[in-house]
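Student: Before I ask anything, let me first share the structure, which is written out below as structure tokens.
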Amino acid sequence: MADEKNINSEEEDTIIEFTDENGETIELELIDMISYEGKNYVALVEPDGEEVFFYEAVPVEGSEDEENYYEVTDDALADILFDILSKNIADVFDFE
């Protein structure tokens, strides 16, 4: 989904704006960054939504501060990342 992204910080919320291959834009709120088995992932939610999305953050070659984001489509990996997320931010969000 994510070939392009823009990050805007407002107070404590970080909104990442994704543009897909069809030119559609979606805004997601960053709720956690997770390192797992040598890769970096971001956990995102729609600003007023309940569903959690996971994307792998891959540095852009030759850039120090740009990343491409690729949606995690492996259900087993998404479950592992959700378990890590639940522990990381249990004091902020209630996932039950």
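The values are calculated or read from the model by the stated rules, or taken from the named source; none is laboratory data. From a predicted model like this one, the values you see are computed outputs, not experimental measurements. Quick reminder, even Gly has a Cβ in these numbers, built from the backbone with ideal geometry, and neighbours come from all protein chains shown.
Student: If you check Leu28 against the conditions, is it within 16 Å of Asp13 (Cα to Cα), free of Cβ contacts under 8 Å to residues at least 60 places away in the same chain and either loosely packed, with under 13 Cβ neighbours inside 10 Å or out of contact with any helix residue (DSSP H, G or I) (no Cβ under 7 Å at 6 or more places or on another chain) (or both)?
Tutor: yes
Student: I would also like to ask the following. Val42 versus (1) β-branched (Val, Ile, Thr); (2) exposed (fewer than 15 other Cβ atoms within 10 Å of the Cβ); (3) at pLDDT 90 or above: which is the lone unmet condition?
Tutor: Of everything listed in (1) β-branched (Val, Ile, Thr); (2) exposed (fewer than 15 other Cβ atoms within 10 Å of the Cβ); (3) at pLDDT 90 or above, Val42 misses just condition (2).
Student: With respect to Glu17, determine if the residue is surrounded by 11 or more Cβ atoms within 10 Å (Cβ to Cβ), of a type in the set (Asp, Glu) and either modelled with pLDDT under 90 or part of a loop (DSSP other than H, G, I, E, B) (or both).
Tutor: Judged against the criteria, Glu17 is a match.
Student: Right, another one. Among the residues of segment 45-83, what is the count of those that are charged (D, E, K, R), modelled with pLDDT under 90 and either under 12 Å from the mean Cα position of the chain (by Cα) or closer than 18 Å to Ile26 by Cβ (or both)?
Tutor: Summing the residues that are charged (D, E, K, R), modelled with pLDDT under 90 and either under 12 Å from the mean Cα position of the chain (by Cα) or closer than 18 Å to Ile26 by Cβ (or both) in segment 45-83 gives 5.
Student: Considering (1) within 23 Å of Asp13 (Cβ to Cβ); (2) in a strand (DSSP E or B), say which one Glu50 fails and leave the rest.
Tutor: Here Glu50 clears every test but (2).
Student: Then there is this: Given Ser35, Ser86, which one is outside any strand (DSSP E or B) and modelled with pLDDT of 85 or more?
Tutor: Criteria check complete, one pass: Ser86.
Student: To continue, here is another question. Read through the list (1) more than 24 Å from Ala90 (Cβ to Cβ); (2) in contact (Cβ under 8 Å) with a residue 24 or more places away in the chain; (3) part of a loop (DSSP other than H, G, I, E, B), then give the number of the only condition that Ser63 fails.
Tutor: The one condition Ser63 does not meet is (2).
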